[in-house]
1. Please arrange PHE187, PHE147 by counting, for each residue, the other beta carbons lying within 10 Å of its beta carbon, fewest first.
2. Using the beta-carbon distance between ALA68 and GLU393 and R0 = 41 Å, what value does 1/(1 + (r/R0)^6) give for FRET efficiency, to the nearest 0.05?
3. Scan around ARG92 for amide H atoms under 5 Å from its own, H built in the peptide plane at 1.01 Å from N, and keep only partners 5 or more places away or cross-chain.
4. Under the 0.36 nm per residue contour assumption, what length would be gained going from the current alpha-carbon distance of ASP305 and ASP33 to full extension?
5. Amide H of HIS100 versus every other amide H placed in the peptide plane: which residues, excluding those fewer than 5 positions away on the same chain, fall under 5 Å?
6. Under the Karplus relation 6.51 cos²θ - 1.76 cosθ + 1.60, θ = phi - 60°, what is the ordered set of whole-Hz ³J(HN,Hα) values for the stretch 355-363, x standing for Gly and Pro?
7. Sort SER44, SER351, SER143 so that the residue with the fewest other Cβ atoms within 10 Å of its own Cβ comes first and the one with the most comes last.
8. Label ASP43 and THR242 with points 7 Å out from Cα along Cα→Cβ: what is the distance between them in nm?
Amino acid sequence: MRNTAAWLLAAVVALSLVAGCATPRGESGALRDLKAGERPTLDSDEAGLWMAMDRVEANLRTSGRIIADPALNSYVRTLVCRLTPPHCDGIRIYVVQTPHVNASMAPNGMMQIWTGLLLHAENEAQVAYVLGHEIGHYVRRHSVQQFRDLRTKAAASVFFTTLAGAAGVGFVGPLIQLATVSSVFAFSRDNEREADDVGFELMVAAGYDAHEAPKIWETLLAQRAATKNPQASIFFATHPPTEERVATLKALAEKTGSPRDERDAGRDRFLAATLPFRTSMLRDELRLRRFAATQLLLDRLSATDSASGEIQFFQGELYRLRAESGDEARAIAAYEKAIGAGDAPAEAYRSFGLVLMNARERSRARAALDRYLELRPDATDREMIREYVKRLE
Ligand SMILES: [Zn+2]
């Protein structure tokens, strides 16, 4: 998006002016918390940051990646308002369709929840903890603090170079740019600890099961170990999952968490809100081709829902796409289970047919592909599949 580069450059210029003109008197160090409904005074550097993020937000709105579904949006808004009633009106929430586990909160009140978080979290309490952490950055005004620290260290040029760099990567799409802009706000360890604390306090005050907080980090740690790639997620880059984080939160949960029979993880509410999107989220997840991490997710999902044809279908898809030795037979077995379960998507027949075709099981392949065409008369790949069926006759 060409206009993205234009506005980012405008934002950089605006921020440069702010950095160049404002006097730093008494501005470094910890700031008092943002009050509900508070806006920065117009001539402040904070107002410059807000203005820049307003432009990012305008771009996000037209990115084509926002999930507009009213039920899902109402669900996440209820969750955020439960966490922080005073700031509820000042926060605008965007559910962004992108498979990375991530959430972010800009100083102007723009909150992003990426669908990868909704797919990989197990329940509402885990999402609440992550969002509470982001609200912590927002309320404690960490972006402004970080910006001023950079300026004090005469390192603001790095800040602007990063933003300008983000402006120059238009060809890879606005989401990557947004991620780059977010990474400008990679916070200090102290700020991260503080946001962890706030996130934890907010979730406990809202009545969520505190024991769920360390579990989302454990999920991320396990994924990182499986993929052997520390940069596998944008969230990893700005939020390193560490054993220290897990241990601290576990100790806190033991101290302040509610008794076992009163723990509310909100799993049923969470599933009711997110299950309608699981098929598309799993499809996006597989496109990342980070099969080891996806396998961990599928293992967890099938542990509680082993009869799900949908999960078996995606298990088959993982094997088919990974295509390592033995995966063809594994894929066939998974598709058989998926189709046997009765609730597999029609694509299960298509994938099943393609794998069987590859395995030279011609009649079974033809039957599966025929069934796909029957179930999806309007499929966009109909002509191609008909061609395959003809060749198999
Ligand atoms: Zn953070």
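1. Going from least to most buried by this count: PHE187, PHE147.
2. 0.40
3. MET110, MET111
4. Stretched fully, the ASP305-ASP33 segment lengthens by 93.6 nm.
5. Excluding prolines and chain starts, which carry no amide H, the hits are GLY116.
6. 5, 5, 4, 4, 7, 6, 9, 4, 6
7. SER44, SER143, SER351
8. Spacing of the two 7 Å Cα→Cβ label points: 4.1 nm.
Values in this text are rule-based calculations from the coordinates and carry no lab data. A quick note: this is a predicted structure, and the numbers were derived from the prediction, not measured. Heads up, the Cβs are rebuilt from the backbone with ideal geometry, glycines too, and the neighbour counts pull from every protein chain shown.
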